[in-house]
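This report concerns only the one structure given below.
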Amino acid sequence: MSQSASFELSVDHNKYLPEGQRVIDAVISVSTAGQRRGAAPTAAQVIMIDCSSSMADGKIVEAKRATTVAVDMLNDGVAFAIVAGTETAHMVYPSAGMVTASPASKEEARQAIRKLRASGGTAIGSWLELANKLLVAQEAEIKHAILLTDGHNQHEQPYELAATLQRCRDHFVCDSRGVGKGWAAEPLVAVADALHGSARGLPDEKMLVDEFRAMAKDFMSTTIANVALRVRTPKGGRVRFLKEVHPHRVDLTDRRRDVSDQSGDYPTGSWGAETRDYHLSVELPADNEIGDEVLAALVSVMSGNTELAGGGLVTAEWTDDRALSTMIGEKVAHYTGQVELGEAIQAGLSAMREGRDDEAAAHFGLAAQRAKESGRVETLEMLDKVVHLDDAASAQVRVRRDMEEVDKEMLTLESRATKRWPDET
């Protein structure tokens, strides 16, 4: 394990390969205590609140309460703005640009939030475009956004949202939340995956205040932004994929920024006190023989050109000892199972939506089995709302006829989560 500043990096893998094998897999664990030398980082936050007509009554009331709590928790000096989202986006506070948090500006924001009313439709991409414009204009080190919606993204096509997210990529971190029982998980996941954030569903609007309080606390404890994993491979080698596997499943492969022919940076967003795990898969050159040992990859944690942690060595050695070459690293095996669980849930939901219940039951059965094996109690509880868990251990389930739509959306979000190895709880 190596350490630089407050970051630590470790590698878990089985380095032994049989003759002819060219692919090696490793789990890269990165953690930080959230400590920072020198002054606290400058920060900016945009809160996007769904004000479509479906937010009327209780949801808009609780959204206003939650937004007020989030504003109140901002440290003085943090730049902030509130955006109302319908089929367009418009400023709630201030009237243009962003304002610095102070007792006076927070009070003005509270007054503006109280005036919010529910009317209109939903076009999430337009909300993000405005947030992006506001945050790009800021020189703050930490840039964060919260997006709250209660409905489907009905006034724009998925490809339009995807294009917006591409333009926003790596400009800021965004946490997305669905409230009530009419939201769709797909856009929430798209936002979270593209913008290094989290996605959660809150079926009861009374949960909003605590949720916004927690997000505000996490935002104010963020210590460093624009962190990347730099992966160097030998000549003739290449990265097959790099995926975050904890706390969420997110494929980072296509985000690579080339540093040189054999080196690339993979952005990971902003960090506070936390640990994340990544699955790295590397394809090696073909000209290796039994007994050869090579450096398959060198991984480091970077912020710009500053190395925060280095020395993440992924080595490969070819052997004719099958006992060595057939072993799988414990972490690699664990996260392979977690990925399989999430993919089984997604496949089951897809089959269910298309009316293929027998196929859905088979996928959900595998998911239940994997959840049981890895102690994913919450996942089993969510699965139980979509299927009858006759025997999770043997993958015996039946699709329910009495489920609520929101249960399927909650399960979609759950498929993105993983359980860490080893489980610290």
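The values are calculated or read from the model by the stated rules, or taken from the named source; none is laboratory data. Every value quoted in this text rests on a predicted model; they were computed, and no experiment measured them. We place every Cβ from the backbone using ideal geometry, glycine too, and count neighbours over all the protein chains shown. The area values use the complete protein model at the heavy-atom level, side chains included, leaving out ligands, DNA and RNA. Shrake-Rupley method; radii C 1.70, N 1.55, O 1.52, S 1.80 Å.
What residue among ALA185, ALA96, ALA81 has the largest mean-square fluctuation in a Gaussian network model of the chain, using Cα springs under 10 Å? Taking springs between Cα atoms under 10 Å, the residue moving most is ALA96. Per residue, the average separation of C-alpha pairs within less than 8 Å and at least 6 apart gives segment 195-332 a relative contact order of 25 percent.
Quick check: Cα centre of segment 97-149 to Cα centre of segment 1-52, how many Å? Comparing the Cα centres of segment 97-149 and segment 1-52, I get a distance of 29 Å. Across segment 146-220, C-alpha contacts under 8 Å between residues 6 or more apart give a mean separation that, scaled by the residue count, equals a relative contact order of 31 percent. Across segment 376-389, computed HN-Hα scalar couplings (Karplus, 6.51 cos²θ - 1.76 cosθ + 1.60, θ = phi - 60°) run 7, 4, 5, 5, 4, 5, 5, 4, 5, 7, 10, 9, 7, 8 Hz from first to last residue, x flagging Gly and Pro.
Entry for segment 127-227 at q = 0.10, 0.12, 0.19, 0.23 Å⁻¹: log10 I(q)/I(0) = -0.27, -0.39, -0.97, -1.31, Debye formula applied to identical alpha-carbon scatterers, no solvent contribution. Between the Cα long axis of helix 124-136 and the first principal axis of the chain there is an angle of about 80°, rounded to the nearest 10. Cross-link pairs exceeding 32 Å between alpha carbons, from the set LYS217/LYS419; LYS235/LYS331; LYS206/LYS419; LYS115/LYS408; LYS59/LYS331: LYS115/LYS408; LYS59/LYS331. Taking amide H as placed 1.01 Å from N in the peptide plane, GLY312 has its amide H under 5 Å from the amide H of VAL299, each at least 5 places away in sequence or on another chain.
Here the Gaussian network model covers the chain, with springs between Cα atoms less than 10 Å apart; of GLY38, GLY304, GLY264, GLY38 fluctuates the most. Label segment 31-167 by shape, choosing from rounded, prolate and oblate, from the square roots a ≥ b ≥ c of the eigenvalues of the Cα gyration tensor; if a/c is under 1.5 it is rounded, and otherwise prolate applies when a/b is larger than b/c, oblate when it is not. Note, shape of segment 31-167 comes out oblate. Relative to the longest principal axis of the Cα atoms of the chain, the long axis of helix 185-194 lies at roughly 70 degrees. In this structure the chain gives 44 Å² per residue of accessible area when probed at 1.4 Å with all protein chains present. Build a GNM of the chain with springs between Cα atoms under 10 Å apart, and of THR306, THR67, THR268 the one that fluctuates most is THR306. Computed about its Cα centre, the charge dipole of the chain is approximately 1240 debye, with only Lys, Arg, Asp and Glu carrying charge at their Cβ. Given [x] 22.9, 73; [y] 21.2, 67; [z] 24.0, 73 as candidate values of Rg and Dmax of the Cα atoms in Å, which corresponds to the one derived from the coordinates? Given [x] 22.9, 73; [y] 21.2, 67; [z] 24.0, 73, the structure-derived one carries the label [x]. Under a model in which nothing but the beta-carbon of Lys, Arg (+1) and Asp, Glu (-1) is charged, segment 1-73 shows a dipole of about 240 debye around its Cα centre. For segment 137-176, what class follows from the C-alpha gyration tensor (a ≥ b ≥ c being the square roots of its eigenvalues): rounded when a/c is under 1.5, otherwise prolate if a/b is larger than b/c, else oblate? The shape class here is oblate.
Within segment 100-145, the ratio Rg/Rh, alpha carbon atoms throughout and Rh by Kirkwood, equals 1.04. The H on the amide N of ALA395, modeled in the peptide plane, is under 5 Å from the matching H of GLN369, each at least 5 residues off or on a different chain. Over the chain, Cα pairs under 8 Å with separation of 6+ residues give a relative contact order of 19 percent. Considering only THR412, LEU130, ALA393, the residue lying farthest towards the positive end of the dipole of the chain is LEU130, judged by Cα position with unit charges set on Cβ.
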